[in-house]
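The values are calculated or read from the model by the stated rules, or taken from the named source; none is laboratory data. The shown structure was predicted, so the numbers you read here are calculated from the model rather than taken from an experiment. Here the Cβ positions follow ideal geometry from the backbone for every residue, glycine too, while neighbour counts run over all protein chains shown.
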Ligand SMILES: Nc1ncnc2c1ncn2[C@@H]1O[C@H](COP(=O)(O)OP(=O)(O)OP(=O)(O)O)[C@@H](O)[C@H]1O
């Protein structure tokens, strides 16, 4: 169990993470927030890459900074921009990562092959990294994060820049690999989480403003999302979520705490929640 206790972090005078407390158990935890909300900062603190200004982070009750290498040994991490050698083959790159983790060559070779198979790159192991597609490179990134069979895996915006097909593939892989471990996946793409996240954690003003399952989130918005005619004028407390094309006609998808004078209630989704929570931001 990972526990964050009253964690704060500022850069210059800007408080990015503000007295944040959070407990995380097994399963996929989606960290969902717009760009600049502090996802990477939070993740880098959990990965011990940057220091907290105050508060502490514990793993099963022990301070992660005190655990030091023991903690890093159970951590798998795919950073937002993951550095690799373009002229290394995927297999050599994984062997190199294994060596950094103190895994001997004899064990590393079958391990690298095994991981490449797991991420669907069995036939690309000998290919140079620079010849792989963006989606394939991210899957190698996932494989390197798995090299020590981590109990805690952190993936920072892993689907950024991937095409929709690769995104779905990556998402399914993460889901398959999440059994019996904690996965923290940061994203600003709602669809990355809708089907695979056990919990969706949203950040606002440096704090957690939502920590629920996608189903709980939909229930929270039940009876509050409506389709109304295109000429509908929004009243107080109502929010325009998006224009929806319905046959030839456009209708407005709105959030309304009370039923509007006209229109029809529709099931809520995670995107609605994102727009309701961050609707007042740029
Ligand atoms: N090393 C740093 N020095 C100064 N400011 C920083 C530093 N790191 C982050 N920030 C600022 O902290 C805020 C949060 O950044 P962070 O990268 O954590 O957000 P994010 O939610 O991960 O967004 P993105 O997806 O754009 O990276 C931003 O305003 C950013 O400019």
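Residues that are under 24 Å from residue 174 (Cβ atoms), more than 16 Å from the ligand (Cβ to nearest atom) and touching a residue at least 40 places away in the same chain (Cβ under 8 Å) within the range 209-237 comprise 211, 214, 217, 218, listed in sequence order.
Quick check on residue 240: is it outside the structural domain of residue 23 (by TED's automatic domain parsing), in a strand (DSSP E or B) and in contact (Cβ under 8 Å) with a residue 24 or more places away in the chain?
No.
For the range 243-282, which residues satisfy the criterion of being free of Cβ contacts under 8 Å to residues at least 12 places away in the same chain and under 28 Å from residue 192 (Cβ atoms)? 245, 280, 282 - these are the residues of the range 243-282 that are free of Cβ contacts under 8 Å to residues at least 12 places away in the same chain and under 28 Å from residue 192 (Cβ atoms). Of the residues making up the range 243-282, just one is touching a helix residue (DSSP H, G or I) at 6+ places or on another chain (Cβ under 6 Å) and in a loop (DSSP other than H, G, I, E, B), namely 268.
Filtered by the rule that a residue be more than 13 Å from the chain's Cα centre (by Cα), surrounded by 20 or more Cβ atoms within 10 Å (Cβ to Cβ), at pLDDT 90 or above and within 16 Å of the ligand (Cβ to nearest atom), the range 159-208 gives a lone residue, 206. If the condition is being in contact (Cβ under 8 Å) with a residue 60 or more places away in the chain, under 18 Å from residue 76 (Cα atoms) and near the ligand (Cβ under 8 Å from one of its atoms), then the range 1-43 contributes 39, 40, 42, 43. When residues in the range 73-103 are screened for being in a loop (DSSP other than H, G, I, E, B) and within 13 Å of residue 152 (Cβ to Cβ), 2 of them pass.
Can you spot a residue in the range 89-112 that is within 12 Å of the ligand (Cβ to nearest atom), surrounded by fewer than 16 Cβ atoms within 10 Å (Cβ to Cβ) and on the phi > 0 side of the Ramachandran plot? Within the range 89-112 (the criterion being within 12 Å of the ligand (Cβ to nearest atom), surrounded by fewer than 16 Cβ atoms within 10 Å (Cβ to Cβ) and on the phi > 0 side of the Ramachandran plot), the answer is no, since none of the residues qualifies.
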